[in-house]
Amino acid sequence: MTGNLFYLLLLLVFCTQQVKLDNLLAQAVPKYHIEREHGQCVIAKNPKWILYNRIGKAGSTSVSKYLARYAVKNANPRYHEFVYSQENGGVNDLECWSSAQQCSAQEGNIAERIWKSARLASHLPRGCADPVIKGQNDCSEQKENVPHSGWGPGSVITSLHSFLVNWAEHQQADKDFATPALIQVLRNGSDRYVSQYFFHKAMGLAVPDKIEHCIFDGEKYAGCPPLNYQTKYLCGYSAECDNEVNDRVFLRAAHNLVTQYAVVGVIDHMGPFVEQLAAVFPSIFDREEAHIFAAESVGVKHNAESEREAISASAWRAVQEGNRYDDALYLLARKLSSLRHVRCLQSWDDQDQ
């Protein structure tokens, strides 16, 4: 009886919090602005640099493979996978959870390293992207002859794990800087959390047998995934995005998602995402290929259902309560993707007439 009362109270708290989040969302991005301003399909005919700051366990491997496929196939873009290391001075995203101030202080350094790496790739022949892609020539001789400033002849598609960088600020500081066109794919936050929990468990990290313990006592286990991971990602490196994900962090993340990203998708509806890529970046992505991929992706099931079935109903409610900000952000991404997709298809119809 006591257990039932506890979960009834948990459900009540969840419903109350959801109403609060709906109100917050309306405050951050009013419906009018989404539909009339940010829901448009804005075409970038000849982009220099497309950047995907990929989120782990949100379809990032599948999306990166899709982007790399186009870079390999198309005569123009170079696919460039930036990997954090001691050599390039990067701070990876998980470290930011334990030291938000450290990451805020290093944002300029992180942005510069990513930018310089992409600029280098723009000057190199295709097939010289970086050592991450096996079998490629490291092109040492060509790298030595790259100019110290300016962007090369090639477009670059960069994929990396990184919180959102304030690229506009760095554009003002460096005249040679090229601001990237940002793309993003989100996942239902609770499904993403469960997936990361099982991923950490399979890797042998220190996680409890029951996922509820991660929700309520996560600080006791080093392997428990962070709650509301996507919200922190999209809030960025600013000091405002402190360690605890709260209403303020959520508002900033929602605003960034709507205003900063040229293309937004959700992993359970990948067809609209790739069709948007082809519409927004017509010089890089092929429309017919996008239509084929979209048709093939209809009805494709991911592992979310089987992972969710592996935990109890009460555990699932606890996961939803813990990741309520991420779930709300996912719903915003889904709405934004749907609006832009419809308008991108309309733009194609207009071109064909």
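The values are calculated or read from the model by the stated rules, or taken from the named source; none is laboratory data. Keep in mind the model is a prediction, meaning the values are calculated, not measured. Cβ coordinates were reconstructed from backbone atoms using ideal geometry, including for glycine residues, and neighbour counts include every protein chain displayed. Note: accessible area is taken over every heavy atom of the protein model, side chains too, but ligands, DNA and RNA are not part of it. Shrake-Rupley method; radii C 1.70, N 1.55, O 1.52, S 1.80 Å.
Scanning segment 244-257 for residues that are out of contact with any Cys (no Cβ under 9 Å at 6 or more places or on another chain) and over 19 Å from residue 333 (Cβ atoms) gives 244, 246.
Scanning segment 200-241 for residues that are aromatic (Phe, Trp, Tyr) and surrounded by 16 or more Cβ atoms within 10 Å (Cβ to Cβ) turns up 229, 233, 237. A Cβ distance below 6 Å, combined with a sequence gap of six or more or placement on separate chains, defines the contacts here; from segment 275-298, residues that are of a type in the set (Phe, Trp, Tyr) reach residues that are surrounded by 14 or more Cβ atoms within 10 Å (Cβ to Cβ) in the pairs 281/44; 281/47; 285/70; 285/277; 285/278; 293/274.
Checked against the criterion of being part of a helix (DSSP H, G or I) and farther than 30 Å from residue 337 by Cα, segment 183-192 has no qualifying residue. So is residue 139 open to solvent by less than 60 Å² (accessible area, probe 1.4 Å) and in contact with a Leu (Cβ under 7 Å, 6 or more places away or on another chain) or not? So residue 139 passes the test.
Matching residues to (1) at pLDDT 80 or above; (2) of a type outside the set (S, T, N, Q); (3) in contact with an Asp or Glu (Cβ under 7 Å, 6 or more places away or on another chain):
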residue: 109; (1), (2), (3): no, no, no
residue: 112; (1), (2), (3): yes, yes, no
residue: 132; (1), (2), (3): no, yes, yes
residue: 142; (1), (2), (3): no, no, no
residue: 146; (1), (2), (3): yes, yes, no
residue: 152; (1), (2), (3): yes, yes, no
residue: 155; (1), (2), (3): yes, no, no
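With respect to residue 216, determine if the residue is outside any loop (DSSP other than H, G, I, E, B) and farther than 14 Å from residue 321 by Cβ. No, not satisfied. Which pairs have Cβ atoms under 7 Å, sit 6 or more apart or on different chains, and link a residue in segment 102-113 that is touching a residue at least 40 places away in the same chain (Cβ under 8 Å) to one that is open to solvent by less than 30 Å² (accessible area, probe 1.4 Å) and of a type in the set (A, V, I, L, M)? Every condition considered, the pairs that remain are 103/91; 106/91; 107/165; 110/91; 110/165; 111/165. All conditions in (1) more than 15 Å from the chain's Cα centre (by Cα); (2) within 24 Å of residue 52 (Cβ to Cβ); (3) open to solvent by less than 20 Å² (accessible area, probe 1.4 Å); (4) of a type in the set (Gly, Ala, Ser) hold for residue 265, with the sole exception of (1). Picking from residues in segment 242-262 that are part of a loop (DSSP other than H, G, I, E, B) and not polar (S, T, N, Q), the one that is most open to solvent (accessible area, probe 1.4 Å) is 244. Among residues of segment 178-196 being among the β-branched types (Val, Ile, Thr) and under 12 Å from the mean Cα position of the chain (by Cα), the one that is nearest to residue 168 (Cα to Cα) is 183. Any residue in segment 165-187 that is over 27 Å from residue 106 (Cα atoms), modelled with pLDDT of 90 or more and surrounded by fewer than 14 Cβ atoms within 10 Å (Cβ to Cβ)? Checking segment 165-187: not a single residue is over 27 Å from residue 106 (Cα atoms), modelled with pLDDT of 90 or more and surrounded by fewer than 14 Cβ atoms within 10 Å (Cβ to Cβ).
When the residues of segment 51-70 are filtered to those that are under 17 Å from residue 287 (Cβ atoms) and in contact (Cβ under 8 Å) with a residue 60 or more places away in the chain, which remaining residue is surrounded by the most Cβ atoms within 10 Å (Cβ to Cβ)?
Within segment 51-70, the subset under 17 Å from residue 287 (Cβ atoms) is 66-67, 69-70.
Now drop any that are not in contact (Cβ under 8 Å) with a residue 60 or more places away in the chain, which leaves 66-67, 70.
On the way: 66: 19, 67: 25, 70: 22.
Filtering segment 51-70 for residues that are under 17 Å from residue 287 (Cβ atoms) and in contact (Cβ under 8 Å) with a residue 60 or more places away in the chain, the one surrounded by the most Cβ atoms within 10 Å (Cβ to Cβ) comes out as 67.
Condition check for residue 204 on (1) in contact with a helix residue (DSSP H, G or I) (Cβ under 9 Å, 6 or more places away or on another chain); (2) in a loop (DSSP other than H, G, I, E, B): one failure, at (1).
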